[in-house]
Every structure is written in structure tokens, then in C-alpha cells.
1. Using 10 Å bins from zero, what percent of all Cα-Cα pairs in the range 63-180 falls into each bin?
2. So for the range 1-89, what percent of the C-alpha to C-alpha distances run longer than 18 Å?
3. Calculate for the chain the 222 nm mean residue ellipticity that helices alone would give, adding -39,500 (n - 2.57) per DSSP H run of length 4 or more and normalising by residue count, nearest 500 deg cm²/dmol.
4. With r defined as the distance between the Cβ atoms of residue 287 and residue 86 and R0 fixed at 56 Å, what FRET efficiency is calculated, to the nearest 0.05?
5. Please work out how much length the chain gains when fully extended from residue 24 to residue 176, using 0.36 nm per residue of separation minus the C-alpha to C-alpha distance, in nm with one decimal.
6. Quick one: if you stick a label point 7 Å off each Cα along the C-beta vector at residue 34 and residue 16, how many nm between them?
7. Tell me the label-point distance for the pair residue 185, residue 237, using the 7 Å Cα-to-Cβ offset, in nm and rounded to one decimal.
8. For the chain, with a Gaussian network of springs between Cα atoms less than 10 Å apart, report the residue from 132, 28, 198 with the top mean-square fluctuation.
């Protein structure tokens, strides 16, 4: 326990040092406005990827409706700040709470499904959320909810990301997290050992949905608008790509993949005709040589680099 606490404190000190370094670079304009925007996006994408990894990577539930919970968080937080005149912090909490409640309500009936059936159900539910929002005049309907104040900045995004990562990491390392992992490994065996599989699936789904709501609130308060077109199936697919690319069951992998894919997307913005071609080719090549993702189900450390440098087949054998 003491070793874990020391590691957490060391990681927290490193994160604060990184935050101060980036803030200095932003204040001195070494990092321009375009890359400042993308750094905030990286923080939001890390929240989304890590929260989905809890559901898909650690609990083994194939969900492709994460953008729906992000939409709920974006709109609910915006309603609190724009319509009700509440503070930004209250709006973020309201967005997280609304997404968590919806995740709980959806999780109870759908998480009895498995595999492709669960994927289809979550896809449909994500689209139901988006279409429902599309037909609510109070939040702008098809035009979206505009005039949202820009409360999100690097500080808010960075520390929300840190809280998300540390919360989910500690949850995974708890007895509840081990129960979720046991469901991923063998649900029948876990149930035979007394694990309430439905309960832990719903818990993981609710926590993941809550943090997706936080990401949605940060997103809408950075881009001044919450629009249904921002939360389509393709957004859910982008988040899932980050999780799979980094490695199912690896928080380090989700963080790395979110940074990598956001950076690549931003760097190729000047080449719109080649952007998706290069982006897709890179993913295909990586999946051929690292089908288990960048880190597999391992967390970052000195040993992981030897596995990565050892090649695709050697890395796959190590992760089995």
C-alpha cells in the first residue's frame, strides 16, 4: 500500500510539473493558439478513452455508444450555465450526474447482453440519445445550443483528466476493479465464484458514462456550442479506436493512443485530401504488427519497451 501511495504521489508531482511546463510554454506563446486547442482536445480525448476502457477493456463489454453520454454531459452542463445561470463547476457535475444516471438506466437492461448484441444495443441507444436531443427545441434542436460561455481552459481540462485517470486506476486496483477484470476474463467462472456480474457491469458502465459526461461538458464549454452533429456514431468509433489502438485493459495505452491520434489528426489538417488516407494506413499497419495494441493489457514501464521493440509476434507471445 505504501509503495502504491509513493507511486501515486510521484506520478502526481510529475503531472503538476508537466502542467507548469505547458502553462509556461503557453504564456510565452511558444505553443501557439492552434496547438493550445489541440492540447485541450488531447485532455478531453484521454478522459473519453480511459472511461471507455473501463467498460470495454477492463470489464469486457463492447460498447460503441460512448458519444451519447458525452452528448448528455455537453447539453446538461450547458443548460446549467446558459439557461439556469449556474457556475461552470456545477454544470460539469450536473453533466456527469445526468450521464451517470442515464448510464445506470441503460446498463440495467442492456448489459445482460454480450458481444455483438451488446454492441448493436449500445450503438442504437447512442443514436436514440442524439436524435432525442435533436428534437428538443429547449436546447436548440437541429441548430444546437449556441452562446455557451468559454469556461473550459487548459487548467480545467488537465485536472479533470488527472482526476479521471487516478479515479479509474484506483478503482481497477480495488476489489471492485478485480471483479470487473474477472468478468472480462471469464464471466461464467466469475459468476460461479460469487461475483455479481450484472452489478459490476452496471457499476463500470455508470462510472464510464459519468466521465464521458465530464468530457462532454468540457467540450461544449470550449467550442461555444453543443451540436448533435458532434456526437454521432463516428465520434464513438473514434473513441473506441483510441482504446483498441492503445490496448484493451491498459490505461497507459489509452492515454498514449489519445495523444497520438489527436496529434496526427492535427498535424495532417493542412492536407485534407490525404488526411484520412494516411490516418487509416497508419492504423492498419499498426494493427498488423501490434494486433493487441501499443501496450496490450500492460501498463507503461521499463519492461514494456522491450516488448514493443521485440516485434509484433514476440510482443503477442509476451502478452498471452
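Nothing in this text is a laboratory measurement; each read-out follows from the coordinates by a stated rule. For clarity, every value in this text was computed on a predicted model and none was experimentally measured. Neighbour counts run over all protein chains shown; Cβ positions are idealised from the backbone, glycine included.
1. For the range 63-180, the pair-distance distribution reads 12, 34, 36, 16, 2.
2. 68
3. -23500 deg cm²/dmol
4. Values: r = 44 Å, r/R0 = 0.79.
Once rounded, the FRET efficiency stands at 0.80.
5. Numbers: separation 152, 0.36 × 152 = 54.72 nm, distance 3.95 nm.
Contour length minus the Cα-Cα distance gives 50.8 nm.
6. 3.5
7. A separation of 3.4 nm, rounded to one decimal place.
8. 28
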